[in-house]
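Taking it in order: structure first as structure tokens, then the write-up.
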Amino acid sequence: MAGGPCGDEVAAVVRREWSRVLATLVGDLGDLADAEDALADAVEEAVRRWPIRGLPERPGAWLTTVARRRAIDRLRRSSAGRDKAELAGRMQARLAEVEDPMDAVDPDASLLRDEQLRLLFACCHPALTVEAQVALTLRCVAGLSTVEISRAFVQPEATVAQRLVRAKRKIAAAAIPFRIPPDSVLLERCDQVRTIIYLVFNEGYEASAGGELVRTDLCAEAIRLAELVAELLADDAESHGLVALLRLIHSRREARVDAVGDLVLLGDQDRSRWDGALITAGQAALERALRLDAPGPYQIQAAIQALHAEAPSSEATDWRQIELLYRRLRRHLDTPVVELNHAVAVALAGDRDAGLAMLDSPRLAERLGGYTFFHSARARLLHEVDPAGAGAAYRAAIAVTSSEPELRFLRRQLARAERGEEPGGPPVG
Amino acid sequence: MKYACLIYGDESGAEDMDPTSAEFQAVMAAYMAFGDKYASQIVAGEPLEASSTATTVQVRDGKVLTTDGPFAETKEQLGGFYIVEAADLDEALKIAADIPGAAHGTVEVRPVPNFG
């Protein structure tokens with residue numbers, strides 16, 4: 001057959017199918033490492049065959065079928081005893097109907113959803129460190145390569161690889177189950193899963209290292225996972241709150257970066273470039289959450305984002321309401337970053353001095369000294385009233401950022417402050 | 001799957017506890033209740049004498065080095081253990097959380113490998 005996919009196309013298709021196929025294989029094999037090995041075998045075969053035979057109509061089903069065959073081979077070759085032989089037999093029976101992987105069919109959507117949730121709960125198991133949970137979720141559920149994860153966290157690839165190996169070994173050795181937790185611990189475990197999903201989203205949104213400002217694929221994957229959890233916990237307000245929050249933030253992705261890839265602050269964004277459909281979907285999720293009448297930090301944050309989404313401009317934003325919401329948020333989640341955002345809201349609600357005074361707290365400076373937005377927000381609030389102080393704060397921000405677009409933005413702002421020019425645009429990050 | 005539940009706790013004051021005191025009786029009763037509740041899953045379990053009775057042995061270059069005291073001098077010392085049978089880590093953690101010592105000390109759960 002002529003016109004098979006090129007290498008890049010094969011890689012893109014594999015990337016798209018990875019997590020779903022892996023989840024299915026973990027369900028079959030009950031072991032993450034075995035499932036990964038089998039999938040790696042299948043991918044190797046896809047790279048060889050698809051360019052010649054053409055892309056299968058259902059590449060995920062093709063990969064699953066080939067991976068199962070390879071897994072059976074591996075199980076039979078291994079000398080690990082009767083359990084594995086039995087498992088191979090069961091898998092063989094299930095595979096018997098499929099002659100050609102080109103004819104393989106996709107599994108039922110709800111089945112696939114459950115397999116992915118099981119994998120997600122194992123990856124976010126509290127017996128693993130948070131770093132390991134994030135890395136595993138990115139690798140196994142979001143399908144990122146080790147290289148991509150190491151780039152996202154600005155860590156050596158060997159460190160990330162070792163963290164993944166150790167975590168997978170613990171999952172296998174300690175028998176961390178691939179299972180949706182029982183009701184008695186489900187809410188607690190979902191809380192953990194939401195935290196990890198939020199970290200994954202943030203990694204995509206902040207894209208802390210490298211030239212790209214927003215990793216849209218990571219954000220989209222995080223939203224998909226949040227939706228899976230909200231589907232599972234249909235009556236849990238915070239799960240819908242997370243979906244709302246992520247959709248509302250992500251609706252601004254196009255406007256957050258300009259034509260040359262530089263950061264555009266919320267106040268300066270071209271609001272016509274916001275994704276209206278995603279805003280509507282975010283508002284719907286928030287309404288659904290609020291109807292459940294169990295307020296929590298994700299819902300409050302989503303409500304803040306909804307106020308931004310509804311405002312025609314930064315000046316016309318209901319900063320008073322946002323300030324009140326931050327005050328409420330701090331009762332649930334009094335982290336330094338929330339305190340920082342609260343201070344900015346206080347300033348923008350009309351009391352710049354009070355906001356700046358909050359930013360000058362030694363606790364904040366100590367905890368957020370390495371955080372770009374702490375310095376850039378301070379610089380922005382100082383810009384009109386104290387250009388020299390603003391300059392020092394811009395320099396502090398430049399010293400700690402590792403993002404190229406952010407760096408270019410901060411240098412422009414610094415130059416303006418040094419020339420005594422207006423900062424350009426309203427003061428929001 | 002077998003798991004070892006290693007129970008660590010602060011020993012200070014434990015040594016001179018009066019075995020007829022209500023406090024001691026309450027601890028014993030709690031462990032008895034735990035043992036009854038998980039009778040079908042507890043493979044083995046023993047309390048240990050205080051770490052002040054421990055002796056550490058190391059063989060180096062064929063020579064036996066004997067030292068008074070536990071391997072590591074920490075605030076919380078190993079005070080006893082259970083070996084339990086559980087389907088997976090979640091079940092093992094649930095059992096471990098029910099061990100009376102978990103309420104004031106620390107229980108470390110370690111999988112026991114199956115070399116069979």
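The values are calculated or read from the model by the stated rules, or taken from the named source; none is laboratory data. Note that this is a predicted model, so its numbers are computed, not measured. In this analysis, Cβ positions are derived from the backbone assuming ideal geometry, glycine residues included, and neighbour counts consider all displayed protein chains. All accessible areas refer to the heavy atoms of the entire protein, side chains included, with ligands and DNA or RNA removed. Shrake-Rupley method; radii C 1.70, N 1.55, O 1.52, S 1.80 Å.
Under a model in which nothing but the beta-carbon of Lys, Arg (+1) and Asp, Glu (-1) is charged, chain A shows a dipole of about 940 debye around its Cα centre.
In this structure the amide hydrogen of B:Y8, modeled in the peptide plane, comes within under 5 Å of the amide hydrogens of B:G79, B:T106, B:V107, B:E108, none closer than 5 places in sequence on its chain. Ordering A:M91, A:A109, A:C124 by the projection of their Cα atoms onto the charge dipole of the stretch A:83-130, which places +1 on the Cβ of Lys and Arg and -1 on the Cβ of Asp and Glu, puts A:C124 at the extreme positive end. For the protein assembly as shown, the fraction of alpha-carbon pairs lying more than 30 Å apart is 62 percent, rounded to a whole number. Legend: residues in the stretch A:114-137 shielded by at least 10 square angstrom of accessible surface upon adding the remaining protein chains to the isolated chain (1.4 Å probe, heavy atoms) are A:H125, A:A127.
Where the only charges are on Cβ atoms (+1 Lys, Arg; -1 Asp, Glu), what is the dipole of the stretch B:2-112 about its Cα centre, to the nearest 20 debye?
380 debye
Once backbone amide H atoms are built at 1.01 Å from N, B:G45 has B:I83 as its partners under 5 Å, excluding neighbours fewer than 5 places away on the same chain. Applying both filters, DSSP loop and at most 14 other Cβ atoms within 10 Å, to the trypsin sites (Lys or Arg not before Pro) of the stretch A:346-423 gives A:R419.
Electrostatic bookkeeping for A:D191 treats Lys and Arg as +1 and Asp and Glu as -1; over the other residues with beta carbon under 13 Å from its beta carbon, the sum is -1. For chain A, the residue among A:A161, A:S150, A:V43 whose Cα projects farthest onto the positive side of the dipole built from Cβ charges is A:A161. Karplus-based coupling profile of the stretch B:74-82, in residue order and whole Hz: 10, 5, 9, 10, 5, x, x, 7, 10, with θ = phi - 60° in 6.51 cos²θ - 1.76 cosθ + 1.60 and x standing for Gly or Pro. Between A:I52 and A:Q321, the contour length at 0.36 nm per residue exceeds the alpha carbon distance by 90.8 nm. With a cut-off of 14 Å on the backbone N, no residue of the stretch B:3-45 is near the modelled label site 7 Å out from B:T56 along Cα-Cβ.
Of the GluC sites (Glu not before Pro) found in the stretch B:20-116, the ones in coil according to DSSP and having at most 11 other Cβ atoms within 10 Å of their Cβ are B:E49, B:E73.
Taking A:A122, A:A23, A:A284 as the candidate residues, the one with maximal mean-square fluctuation in a Gaussian network model of chain A, Cα springs under 10 Å, is A:A284. Here the Karplus relation 6.51 cos²θ - 1.76 cosθ + 1.60, evaluated at θ = phi - 60°, turns the backbone of the stretch A:160-177 into coupling constants of 5, 4, 5, 4, 5, 4, 4, 5, 5, 5, 5, 4, 6, 5, 8, 6, 5, x Hz, with x for every Gly and Pro.
Under the criterion of Cα pairs below 8 Å and six or more residues apart, the relative contact order for chain A equals 10 percent. Between B:G105, B:G45, B:G69, the residue with the greatest mean-square fluctuation in the GNM of chain B (Cα pairs under 10 Å linked by springs) is B:G69. Residues B:F24, A:F409 ordered from highest to lowest accessible area at a 1.4 Å probe: B:F24, A:F409.
Of chain A, which part is the longest with no GluC sites (Glu not before Pro) in a loop (DSSP not H, G, I, E, B) and with at most 12 other C-beta atoms within 10 angstrom? The longest such stretch corresponds to A:100-314. Close amide H partners of A:V257, meaning residues 5 or more places away or on another chain with modelled amide H under 5 Å apart, are A:V264. On the beta carbon distance between B:A97 and B:L48, with R0 = 22 Å, the FRET formula returns roughly 0.60.
Working from the Cα coordinates of the stretch A:1-136, the gyration tensor eigenvalues give, after taking √(5λ), semi-axes of 25, 20, 14 Å in decreasing order.
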